[in-house]
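Derivation of every value follows stated rules applied to the coordinates shown; laboratory data play no part. Remember, it's a predicted structure, so these values are computed and weren't measured experimentally. Because the Cβ atoms are built from the backbone with ideal geometry, glycine has one as well, and the counts that use them run over all protein chains shown.
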Amino acid sequence: MIMKPPVFIVGCPRSGTSYLYHLLLSAGGFAEFHTQMNVFDVLEPIYGDFSIARNRERMMREWLRSKAFNVSGLQADEITAAVSECRSGSDFLRIVMEAVARKQGVDRWIDSTPTNIPHLLRIKKDFPDALIVHIIRDPRDIALSLDKRGWSRPLPWDRDKSLVAAGLYWEWIVRKGRKLGSVLGADYMETRYEHLVNEPAESLKRLAVFLQHDLDYDRIQKNSIGSVRSPLTSFQDDLDRGEFTPVGRWKDRFPPDQLILFEDAIGDYMQESGYAPSTYDSNAKHSPSAKRMRAVYGTYYDFKQWAKINTPLSRLMVDYSAILIDK
């Protein structure tokens, strides 16, 4: 079976990557793989160069206990034999996803790991026909969701500014995605979470042209796989009360004092990205706190990404729970 171009869905975590992934799965024709592979941002930093047999073999021993293997439907012996030929994380990703697709009788697959953004040029080099979809969402809603899950991870002295730290991470990763996307040209597309929620049929029409894939909205609603049927939300209490409003939640939930600092810190890029700040004056001077956090967190995120890839600290900077069931 000849495979069609793979699709990589990327974005800031909590931006709707899983929702978009499930919309595409609901359309049919894509391999169903209900987790993320985390190859470039987790597996390679943990296990190192896959061209080295002992690294590859150690990775496979643990991967066979992972969420990804558990949902793949593959047999351990057959995938282990196939992976023995791989020489990189990209080889591993291709071998696994094509095997899953063939087993399901389809000719296309999707990787929905949101944090693939820093690796877009490498992905495009290793998968020349790949199409990249970058989903972007209002950073205020993202920050609330990240913070609700304990994923905002501010530096120790900024624990009372966790939402601002999440906003700065949003700017860092979205800015990087858009910059790298501009290099990819016609193989890169941006879509907005808000448009997918409020104008799904129109948004999917544009995606269908880009992906050259039938994304009939009526069929998607009928099939409704995963979060299309049951939303994945950090605010389950809202869903239980029948008050699920993923767009603009920040208007009622964002603490006013943090909102001022949040928009002071990233208001310029919010405006550039099409999200109007509610408190920010672009003509006013930035507060010392906003200036400090911008300077510190931009450098921090750059260094963390570099160290994860290039130093032995990588094993300390990735989350094993992203791949393993029992850790």
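Each residue in TRP151, TRP63 was given a count of other beta-carbon atoms within 10 angstrom of its own, and listing them fewest first yields TRP151, TRP63. The largest-to-smallest principal axis extents of the Cα set in the stretch 7-322 are 61, 50, 39 Å.
Computed from backbone phi with θ = phi - 60° and the Karplus coefficients 6.51, -1.76 and 1.60, the 3J(HN,Hα) list for the stretch 103-115 is 4, 8, x, 10, 10, 8, 9, 10, 10, 10, 6, x, 7 Hz; x is used for glycine and proline. Loop-located GluC sites (Glu not before Pro) across the stretch 1-100 with a Cβ neighbour count of 15 or fewer within 10 Å are GLU85, with loop assigned by DSSP. Of the cross-linked pairs LYS148/LYS308; LYS125/LYS291; LYS148/LYS291; LYS67/LYS148, those separated by over 30 Å at the C-alpha level are LYS125/LYS291. Of the trypsin sites (Lys or Arg not before Pro) in the stretch 69-121, the ones in a loop by DSSP (not H, G, I, E or B) with at most 14 other beta carbons within 10 Å are ARG87. For THR191, the residues whose modelled amide H falls within less than 5 Å of its own, excluding neighbours fewer than 5 places apart on the same chain, are HIS134, ILE135, ILE136. Rounded to the nearest Hz, the phi-derived 3J(HN,Hα) couplings of the stretch 152-166 under the Karplus curve 6.51 cos²θ - 1.76 cosθ + 1.60 (θ = phi - 60°) are 6, 6, x, 5, x, 7, 10, 4, 7, 10, 5, 5, 5, 4, 5, where x marks glycine and proline. Percent of alpha carbon pairs in the stretch 10-158 separated by more than 28 Å? Percentage above 28 Å: 24. Calculated mean residue ellipticity, 222 nm, the chain: -15500 deg cm²/dmol, from DSSP H runs (n ≥ 4) at -39500 (n - 2.57) each, averaged per residue and rounded to 500.
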